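What follows is one structure encoded as structure tokens, with my remarks underneath.
The values are calculated or read from the model by the stated rules, or taken from the named source; none is laboratory data. Bear in mind that the values here come from a model prediction, so they are computed numbers and not experimental data. We place every Cβ from the backbone using ideal geometry, glycine too, and count neighbours over all the protein chains shown.
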Amino acid sequence: MQLEKLELLAPARNIDIGIAAINCGADAVYIAGPSFGARESADNSIKEIAALIRYAHRYRVKVYMVLNTILFQNEIEQAEKITHSAYNAGCDALIIQDMGLLSANIAPMPLFASTQTYTRTPEDAVLMETLGFKRVILARELSLSQIREIREAVKIELEFFIHGSLCVGYSGRCYLSAALTGRSANRGVCAQPCRSYYNLVDKNEKILRKNEALLSLKDLNLTAHISALAEAGVTSFKIEGRLKNISYVKNIVRHYRSVIDSLIQNSRRYEQASLGALYVGFTPNPQNTFNRGYTTLFIDGERGHWKSEFGTRSMGEYIGKVKEGWKNKRGEYGFNCDTELKLSNNDGLCFVSPKGKIIGAKVSGSDSGTVATTARENIPDNSEIFM
């Protein structure tokens, strides 16, 4: 029986991050070229793309160029030239959104339908297959059962996001930024109004929720669903984050490499898409890199708790709850808690009170669960602690 290759696909803002992703176990990376990559601050020259490709191909790692903005007519010729340059550099595929490119003079490369095409039904996938796409990047809002239905309808490859930031709008169908600021997400210049703070007001103008990130979603984390996704027909597991830094990419890629390796080792159906064994001297932990809390979105077919609870920022790793806040004779504020983590002087802490108030402080002393801090106010009992 021929084994099915499973691909871990990592984001690369630049060549250095792309190489780091490969070194941490990515089977493929996706990266923008000189223009039209849907992230205005993540463009790369063809020379840099070519250097990344040379490094990647040593290990049979693939490099996909992202060219997924909606294009104006006067930009088609430039886009065509970019595709031919990418082809000559050895790029393995193009990720596109604009269907106008299908009738343009683009290079003869495999085409992947971007998640911005919002493929969410078997009929959508059949259309993409008919148009000649080799792979479709499915909408993030799908459940496992919906993915299975699509798998049964088409033979092309299925790619699915497994980790990273989520948009409150459907993939490719959000025009909030364009409406509010004139900056279109489909042109790579989203102002991220979903991460702003708003008041929720009823028809009588009564404020129900004040100054909250009402549209901000938690980040996606499908660690526990990798095996089920493979069973459903997904063969490319994609990490979001072409604007993320190198430490984020290394940590998250290394984490999912271990998850997929475990699946491969325990199954007779799958194999790694690239070459080589991985030797990395650190233990990955998704809690230690930027996240707004984690969600599995719709993957189980039910609506979960998606809203980022503490705003749009990353709170750090959750370490426990305050049992009792106190103030000593020297005027220091501190707390008692039960945690297995050892706290050291100058460790940064963030407290979220039961009423949602956020207090930041550093550790100034710690002994057997009693912690002194640099806080300038009382730390409420039952506050959640992040580090």
Next on the checklist: Take PRO284 and tell me if it is in the same structural domain as GLU212 (by TED's automatic domain parsing), touching a Ser or Thr at 6+ places or on another chain (Cβ under 8 Å), part of a loop (DSSP other than H, G, I, E, B) and surrounded by 14 or more Cβ atoms within 10 Å (Cβ to Cβ).
Outcome noted: yes
Over the range 333-387, the set of residues under 28 Å from the mean Cα position of the chain (by Cα), under 12 Å from ILE319 (Cβ atoms) and of a type in the set (D, E, K, R) is ASP347, GLU384
If we ask which residues in the range 262-274 are in contact (Cβ under 8 Å) with a residue 40 or more places away in the chain and in a helix (DSSP H, G or I), their number turns out to be 2
For ASN199, the lone unmet condition from (1) farther than 22 Å from LEU71 by Cα; (2) modelled with pLDDT of 95 or more; (3) not aromatic (Phe, Trp, Tyr) is (2)
| Scanning for something charged (D, E, K, R) and buried (at least 23 other Cβ atoms within 10 Å of the Cβ), does the range 23-33 turn up at least one residue? | yes
Does the range 239-252 include one or more residues that are in the same structural domain as ARG120 (by TED's automatic domain parsing) and of a type in the set (Gly, Ala, Ser)? yes
Among helices (runs of 4 or more DSSP H) entirely within the range 133-250, at least 3 residues that are without any contact (Cβ under 8 Å) to a residue 24 or more places away in the chain, surrounded by fewer than 19 Cβ atoms within 10 Å (Cβ to Cβ) and on the phi < 0 side of the Ramachandran plot occur in 176-181
LEU243 fails exactly one of (1) of a type outside the set (Gly, Ala, Ser); (2) touching a Gly at 6+ places or on another chain (Cβ under 7 Å); (3) closer than 25 Å to ALA93 by Cα, namely (2)
The number of residues in the range 103-150 that are basic (Lys, Arg) and touching a helix residue (DSSP H, G or I) at 6+ places or on another chain (Cβ under 6 Å) is 1
Note: among ALA42, ALA50, just one is farther than 15 Å from LYS238 by Cβ and out of contact with any helix residue (DSSP H, G or I) (no Cβ under 8 Å at 6 or more places or on another chain), namely ALA42
Taking the range 287-306 and the residues there that are in a loop (DSSP other than H, G, I, E, B) and among the hydroxyl-bearing types (Ser, Thr, Tyr), the one that is surrounded by the most Cβ atoms within 10 Å (Cβ to Cβ) would be THR289
Filtering the range 338-364 down to residues that are within 16 Å of ALA375 (Cβ to Cβ) and either in contact with a Leu (Cβ under 9 Å, 6 or more places away or on another chain) or acidic (Asp, Glu) (or both) yields LEU343, ASP347, LEU349, ILE359, GLY360, ALA361, LYS362, VAL363
When every residue in the range 5-44 that is modelled with pLDDT of 95 or more and of a type in the set (S, T, N, Q) is compared, the one nearest to ALA89 (Cα to Cα) is ASN14
| Does any residue of the range 174-185 turn out to be of a type in the set (Val, Ile, Thr) and in contact with a Leu (Cβ under 8 Å, 6 or more places away or on another chain)? | no
When the range 84-132 is checked residue by residue, the ones that are buried (at least 16 other Cβ atoms within 10 Å of the Cβ), within 29 Å of HIS57 (Cβ to Cβ) and in contact with a Gly (Cβ under 8 Å, 6 or more places away or on another chain) are SER85, ALA86, GLN97, LEU111, SER114, THR115, GLN116, THR117
